[in-house]
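Enquirer: Can you keep this structure in mind? I'll have questions shortly.
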Amino acid sequence: MTSRLPQSHMLAALAEAEAAGARGEVPVGAVVVGADGSVLGRAGNRTRELADPTAHAEMLAIRQACAAQGSERLDGADLYVTLEPCPMCAAAISFARIRRLYWGAGDPKGGGVEHGARIFSQPTCHHAPELYGGFEEARAAALLRDFFARRR
């Protein structure tokens, strides 16, 4: 995999995050990419719009990708997300058998990968993807910081 590929998919995730923020949602975006490089799912947060606490960007993108593949498993797929996934999303990533997880900003308060529950480090975790943090970290963090600053 070239270094440009993760960058371009993270830029697509950032576009989803920006769209989510424009809708009044917390600006988090996610993109699921198949082993062949095709985009299988992409989404931004929609928890308010759908009145659904599980409508995180990762969950929605994984659902789309599973529907596109006709399977609950996404073997060989990679997930790009602008914020470190929460424990719920990390568990879904594990159950979907995502191959690689790339994220932008870390989440010391709500993260479930490097922070908090550290789902993939638990002995009960069935599958742990390869982990890569810090892609477009400054831009992803700025989106969140600016969004919450406007709310205060």
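Enquirer: Regarding segment 51-60, can at least one residue be identified that is more than 24 Å from Lys109 (Cα to Cα) and either open to solvent by 10 Å² or more (accessible area, probe 1.4 Å) or at pLDDT 95 or above (or both)?
Expert: The answer is no; no qualifying residue exists.
Enquirer: Still on this structure: Checking Thr47 against (1) open to solvent by 30 Å² or more (accessible area, probe 1.4 Å); (2) over 17 Å from Arg151 (Cβ atoms); (3) over 11 Å from the mean Cα position of the chain (by Cα); (4) not acidic (Asp, Glu), which test does it fail?
Expert: Only one criterion in (1) open to solvent by 30 Å² or more (accessible area, probe 1.4 Å); (2) over 17 Å from Arg151 (Cβ atoms); (3) over 11 Å from the mean Cα position of the chain (by Cα); (4) not acidic (Asp, Glu) is unmet by Thr47, namely (2).
Enquirer: Name every residue in segment 112-121 that is surrounded by 14 or more Cβ atoms within 10 Å (Cβ to Cβ) and either touching a strand residue (DSSP E or B) at 6+ places or on another chain (Cβ under 8 Å) or free of Cβ contacts under 8 Å to residues at least 12 places away in the same chain (or both), in order of residue number.
Expert: Of everything in segment 112-121, those that are surrounded by 14 or more Cβ atoms within 10 Å (Cβ to Cβ) and either touching a strand residue (DSSP E or B) at 6+ places or on another chain (Cβ under 8 Å) or free of Cβ contacts under 8 Å to residues at least 12 places away in the same chain (or both) turn out to be Val113, Glu114, Arg118, Phe120.
Enquirer: So, one more: Among helices (runs of 4 or more DSSP H) lying entirely in segment 33-103, which contain 3 or more residues that are touching a strand residue (DSSP E or B) at 6+ places or on another chain (Cβ under 8 Å)? Please lay out each step first, then the result.
Expert: Numbers: elements: 47-50, 57-69, 87-96.
Helices (runs of 4 or more DSSP H) meeting the threshold: 57-69.
Enquirer: Within the set of pairs 6 or more residues apart or between chains, which connect a residue that is of a type in the set (Asp, Glu) inside segment 76-88 to a residue that is outside any loop (DSSP other than H, G, I, E, B) with Cβ atoms less than 7 Å apart?
Expert: Every condition considered, the pairs that remain are Asp78/Val33; Asp78/Arg100; Asp78/Tyr102; Glu84/Trp103; Glu84/Ala105; Glu84/Gly133.
Enquirer: Can you tell me which of (1) buried (at least 16 other Cβ atoms within 10 Å of the Cβ); (2) of a type in the set (Phe, Trp, Tyr); (3) in contact (Cβ under 8 Å) with a residue 40 or more places away in the chain is the one Trp103 doesn't meet?
Expert: So Trp103 meets the others, but not (3).
Enquirer: On the phi > 0 side of the Ramachandran plot, surrounded by fewer than 16 Cβ atoms within 10 Å (Cβ to Cβ) and under 14 Å from the mean Cα position of the chain (by Cα), is that true of Gly134?
Expert: yes
Enquirer: Here is a follow-up. Going residue by residue through segment 45-64, is there one that turns out to be of a type in the set (Lys, Arg) and under 25 Å from Ala142 (Cβ atoms)?
Expert: yes
The values are calculated or read from the model by the stated rules, or taken from the named source; none is laboratory data. Computed from a prediction, not measured in an experiment: that's the story for all the values here. Using ideal geometry, Cβ is built from the backbone for each residue, glycine included, and neighbour counts are taken over all protein chains shown. The accessibility values were calculated without ligands, DNA or RNA, using every heavy atom of the protein model including side chains. Shrake-Rupley method; radii C 1.70, N 1.55, O 1.52, S 1.80 Å.
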